[in-house]
1. Of Trp42, Trp9, how do they rank once you tally other Cβ atoms within 10 Å and put the fewest first?
2. With the crude spin-label approximation of a point 7 Å out along Cα→Cβ, what separation in nm comes out for Gln8 versus Thr55?
3. Taking Cα pairs under 8 Å and at least six residues apart, what relative contact order does the stretch 2-70 come out at, in percent?
4. Want the number for Arg35 to Ala64: 0.36 nm per residue separation, take away the alpha-carbon distance, what's left?
5. Between rounded, prolate and oblate, where does the stretch 2-70 land on the alpha carbon gyration tensor, with a ≥ b ≥ c its root eigenvalues, rounded for a/c under 1.5, else prolate if a/b exceeds b/c?
Amino acid sequence: MKDKKRRQWDAARIRALRQHLGLTQQEMADQLGTRQQTISEWETGMYQPRGASATLLTMVAERAGFEYKSQSSTKKGPE
């Protein structure tokens, strides 16, 4: 269970979570108490969330029932 809490938040996973929540980058930044630029930097892979930010993303994802599927497992295209 500890591994689940220590999930890595890469650019694609962060973008997918934000889209799952139906938020813009600015709205997500407001919800997380950060800047829109930070969300953008996470989504472009310039930086990765660490510490409290990563923990908060995990908590939000769990509450939202977000289950990330990597691109390699969903390459069939849009349905």
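Laboratory data are not the source of any read-out in this text; all were calculated from the coordinates shown. Predicted model, so just to flag it, every value in this text is computed and none were measured. Cβ placement follows ideal geometry from the backbone for every residue including glycine, while neighbour counts extend to all protein chains displayed.
1. On the way: Trp42 25, Trp9 19.
The most exposed by this proxy come first: Trp9, Trp42.
2. Distance between the two pseudo-spin positions: 2.1 nm.
3. On the way: 51 pairs, mean separation 27.4, N = 69.
Relative contact order for the stretch 2-70 comes out at 40 percent.
4. Working: separation 29, 0.36 × 29 = 10.44 nm, distance 2.15 nm.
Gain on stretching Arg35 to Ala64: 8.3 nm.
5. Numbers: a/c = 1.40, a/b = 1.25, b/c = 1.12.
It comes out rounded by the Cα gyration axes.
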